[in-house]
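Colleague: One structure follows; several queries about it will come next.
The values are calculated or read from the model by the stated rules, or taken from the named source; none is laboratory data. Quick caveat: nothing in here was measured; it's all calculated off a predicted structure. Methodologically, a virtual Cβ is constructed for each residue, glycine included, from the backbone with ideal geometry; neighbour enumeration extends over all protein chains shown. Areas reflect the complete protein model, heavy atoms only, side chains present, ligands, DNA and RNA absent. Shrake-Rupley method; radii C 1.70, N 1.55, O 1.52, S 1.80 Å.
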Amino acid sequence: MFGTHLDITRQKSNEEDVRQMLRRSESVSKSLARSNRDLEQFAYVASHDLRTPLRALMHLTSWVREDAASANIELPVIINGHLASMQTQVQRMDALLSGLLEYSRAGNRTHMQRSVDLHSILDDAAKHHDRDHGTITIGCEESVDEFVFSVKDDGPGIEDKYRERVFEIFQKLRRPQKGDGAGLGLTIVQKLVQTAGGEIEIQSDDPRGIEFRFRWPKKLDQLQ
């Protein structure tokens, strides 16, 4: 009789290590998903509930002016200035909360797959050009698995040292001005693209202008 003996102790040990790693990975994934849901719920509730007192403050500043006018009282210039500043700050806070609410909704499967009117979006697209006239060029390339979109402008551009910063929440590269957003636009875009399983990057070979390119997969099955 002939026989062989194979020691598979190490193999069994390795298999058990792999199983433990998979269990830990699954546990971490579930914990992260739960944390993300909690954060999104908090952002939604906070932004929604805080906007009510903000609107009340906005009305109060208008009522002060109206009551003064009804009583034939001329408010001092400095008081009018304070009221105007209060309204500006309330509007800015309202914009921040609106942006936070939109960010909390970004990545939701229901909102990820819907039709949009590109013309209506373009009407509100140019806000930071340093010239009276500018050009925005939008392109799309299709491959077997994905679309590659590009959005290019001929504005002042973005310095290399700031190109990662533009995707951070509430980040702006210039002083806030009237009519500005909350500094969440690119943050929301990045979240949407990454949630879909795509990537977004900045490209620029010219002295002026900037180009954003993002990959959007045709199948969004990985969305949770």
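Colleague: Criterion first (exposed (fewer than 10 other Cβ atoms within 10 Å of the Cβ), on the phi > 0 side of the Ramachandran plot and at pLDDT below 85) does Gly183 satisfy it?
Modeller: no
Colleague: Same structure, new question: Of all residues in the range 203-218, which are in a loop (DSSP other than H, G, I, E, B) and open to solvent by 70 Å² or more (accessible area, probe 1.4 Å)?
Modeller: Selection gives Asp205, Asp206, Pro207, Arg208, Lys218.
Colleague: Just for the range 134-146: of the residues that are open to solvent by 60 Å² or more (accessible area, probe 1.4 Å) and not in a loop (DSSP other than H, G, I, E, B), which one is modelled with the lowest pLDDT?
Modeller: Ile136
Colleague: Kindly list the number of the only condition in (1) over 20 Å from the mean Cα position of the chain (by Cα); (2) under 20 Å from Gly198 (Cβ atoms) that fails for Val151.
Modeller: Here Val151 meets the rest and fails (1).
Colleague: Same structure, new question: Pick from Leu60, Leu54, Leu83, Leu97: which is open to solvent by less than 80 Å² (accessible area, probe 1.4 Å), among the aliphatic types (A, V, I, L, M), modelled with pLDDT of 85 or more and on the phi < 0 side of the Ramachandran plot?
Modeller: Among Leu60, Leu54, Leu83, Leu97, only Leu83 is open to solvent by less than 80 Å² (accessible area, probe 1.4 Å), among the aliphatic types (A, V, I, L, M), modelled with pLDDT of 85 or more and on the phi < 0 side of the Ramachandran plot.
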